[in-house]
1. Suppose we keep only residues that are of a type in the set (Val, Ile, Thr) and closer than 14 Å to Lys232 by Cβ within the range 330-364. Which one would you say is farthest from the chain's Cα centre (by Cα)?
2. Among the residues of the range 98-117, is any crowded, with 24+ Cβ neighbours inside 10 Å and more than 30 Å from His283 (Cβ to Cβ)?
3. Just a yes or no: is a residue in the range 428-444 under 30 Å from Pro382 (Cβ atoms), touching a Leu at 6+ places or on another chain (Cβ under 6 Å) and in contact (Cβ under 8 Å) with a residue 40 or more places away in the chain?
4. Report, by residue number, each residue of the range 152-173 that is among the hydroxyl-bearing types (Ser, Thr, Tyr) and free of Cβ contacts under 8 Å to residues at least 24 places away in the same chain.
5. Could you tell me which numbered condition Val83 fails, if it satisfies all but one of (1) β-branched (Val, Ile, Thr); (2) over 25 Å from the mean Cα position of the chain (by Cα); (3) not assigned by TED's automatic domain parsing to the domain that holds Thr142?
6. Between residues in the range 507-532 that are closer than 19 Å to Glu493 by Cα and in a strand (DSSP E or B) and residues that are hydroxyl-bearing (Ser, Thr, Tyr) and modelled with pLDDT of 85 or more, which pairs lie under 6 Å by C-beta distance while being six or more apart or on different chains?
7. Can you tell me which residue among Leu345, Leu320, Leu334 is in contact with a Ser or Thr (Cβ under 7 Å, 6 or more places away or on another chain) and either crowded, with 24+ Cβ neighbours inside 10 Å or outside any strand (DSSP E or B) (or both)?
8. Which residue, of Ala34, Ala42, is surrounded by fewer than 16 Cβ atoms within 10 Å (Cβ to Cβ), at negative phi and in contact with a Phe, Trp or Tyr (Cβ under 8 Å, 6 or more places away or on another chain)?
Amino acid sequence: MQLSPSAHLDSFARDSLPPPQQWPQLVFDLPELAYPERLNCAEELLEGTMSRHGADRPCLRAGDGATWSYADLRDRANQIARVLTEDLGLVPGNRVLLRGPNNPMLVATWFAVLRAGGVVVTTMPLLRAGELRTIGEMCRPTIALCDARFTEDLDKAGIQGLAVLPYSGTEPDDLTAQMAAKPTDLQVVPTAPDDVALLAFTSGTTGKPKATMHFHRDVLAIADTFATHVLKPRADDVFAGSPPLAFTFGLGGLVIFPLRAGASTVLLEKAAPPDLLAAVAAHRVSVLFTSPVAYRASLGLLGELDLSSLRRCVSAGEALPKATWEAFHAATGLKIIDGIGSTELLHIFIGSADDEIRPGSTGRPVPGYRAQIVDESGAAVPDGELGRLAVIGPTGCRYLADDRQQAYVVNGWNLTGDTYIRDADGYYWYQARSDDMIISAGYNIAGPEVEDALLRHPDVLECGVVGAPDEQRGTTVVKAYVVLREGVPASPETVTALQEHVKAEIAPYKYPRLIEFRDALPRTNTGKLQRFRLRAEAETGAETETDAETDAETDSESAG
């Protein structure tokens, strides 16, 4: 494997790539995936887009109504890049940690780092000192640009050699004040297409987190595959969504995809369903990115606002229950695009839109990607049989100096950790995370299938299904943790009603023999259900802690 000559003077990122024999196979069989010998994705997303659509069109819209044009974003990113290079000594290849909520200034810092040749490490503002310290030890950032409201935990982390510069604050040395004195022109660093642009951390792990390494070409590839061929954005679209930009689902859906198309994006610091739907109505949003649980939580709010501007809705983060898809479609007429992606592959690689959608199925591979279902030995299994999902495409897993690379990439294929079935028409049907399959009395039972059945009951708001030991039977049984609609009693009668409902929806042997009611379910910062906590509780009978520093889910950041 021959890499291009790097523009990075700091070689840390290249030096930390996995050895060539551990890389996934990469395929570039679409003409739009042929990138030039020098490529800076931040330049292409701004100057490239402006050359096609104009510089004065709306680009970033803040929740408070402020709007930046494409030229505004370019100018401010250039000023920040000058602060980084002229005042803080950034050289190409240095890592820069970003910390802040979704707003235009966070996007400007992201572009500034890349335009200066740096490597972006965007972190979620909910992370605490211990988590930030681990990230710092792994990627060794030299500079942090942090929203002034979120510096406390970063200061507590005590990352060695890190210069922290707050932005959007009131102090005289704040980045916002420093950048104002800088010119708006900049010579963008001509990086290689295979220079590392991003280090994205998986949202949770049962041990040490993993940093995934993505090139400049990868940033464009996810737009030139999923966005171009499935989402099909238009230059007059207005995007919005709930995922943080540190979550690659959010980065793609709220920054890369709209800017690649010449569209605009609404950035919300608070994006709970009521806030999100209010923004859709206020800004006439046409493309929405959020999670399955948010779509379900929105059902009771749909009649309160004018959402007629919506034409595209995308769901990822975890599997979209068929019941949620059908309820949202019945209420709005909109067909949610379900997708599975991962931090390791950067964004969605299976998903279908419009008349290609089959409710309950994730869809078919996105053009540019290939998928198959394999057994434990890595051999492909026949259609209709359970197996592990394996994917290849223009993006793929490259962990930063991590031995777990060999578990994710096998025989050149990315193994996502998901159990799927492919049907004869090439549609992929999600069953469970591979460690979420429940084996009970010799039967394989997919927890998400039971969850989908429960969600069809009008009294169920949320649920999570796991296996639980049953000492009397000497086996594992299905246990459901359920959040009920307000006013519904958590009574034995409700348990029986839910059990009978599931028996009527799916094969009776799959029904939850145990049901426990909760006020809320444990979720990650990205909104994904933490089934590992529920499994631990089912095994021990004790509720697990929910401290942010222990937020963890699986070894992969699956987006669907």
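The values are calculated or read from the model by the stated rules, or taken from the named source; none is laboratory data. Predicted model, so just to flag it, every value in this text is computed and none were measured. Cβ: placed from backbone, ideal geometry, glycine included. Neighbour counts: every protein chain shown.
1. We begin by selecting, within the range 330-364, every residue of a type in the set (Val, Ile, Thr); these are 332, 336-337, 340, 343, 348, 350, 357, 362.
Applying the additional criterion that residues be closer than 14 Å to Lys232 by Cβ yields 337, 348, 357.
Working: Ile337: 15, Ile348: 9, Ile357: 21 Å.
Ranking the candidates gives Ile357 first.
2. Yes, that holds for at least one residue.
3. Residues of the range 428-444 under 30 Å from Pro382 (Cβ atoms): 428-444.
Narrowing further to those that are touching a Leu at 6+ places or on another chain (Cβ under 6 Å): none.
Checked against the condition, which is being under 30 Å from Pro382 (Cβ atoms), touching a Leu at 6+ places or on another chain (Cβ under 6 Å) and in contact (Cβ under 8 Å) with a residue 40 or more places away in the chain, the range 428-444 yields no hits at all.
4. Filtering the range 152-173 down to residues among the hydroxyl-bearing types (Ser, Thr, Tyr) leaves 167-168, 170.
The one that is among the hydroxyl-bearing types (Ser, Thr, Tyr) and free of Cβ contacts under 8 Å to residues at least 24 places away in the same chain: Thr170.
5. Status for Val83: all satisfied but (3).
6. Glu516/Tyr481
7. Working: Leu320 fails: in contact with a Ser or Thr (Cβ under 7 Å, 6 or more places away or on another chain); Leu334 fails: in contact with a Ser or Thr (Cβ under 7 Å, 6 or more places away or on another chain).
When all the criteria are applied, what remains is Leu345.
8. Among Ala34, Ala42, only Ala34 is surrounded by fewer than 16 Cβ atoms within 10 Å (Cβ to Cβ), at negative phi and in contact with a Phe, Trp or Tyr (Cβ under 8 Å, 6 or more places away or on another chain).
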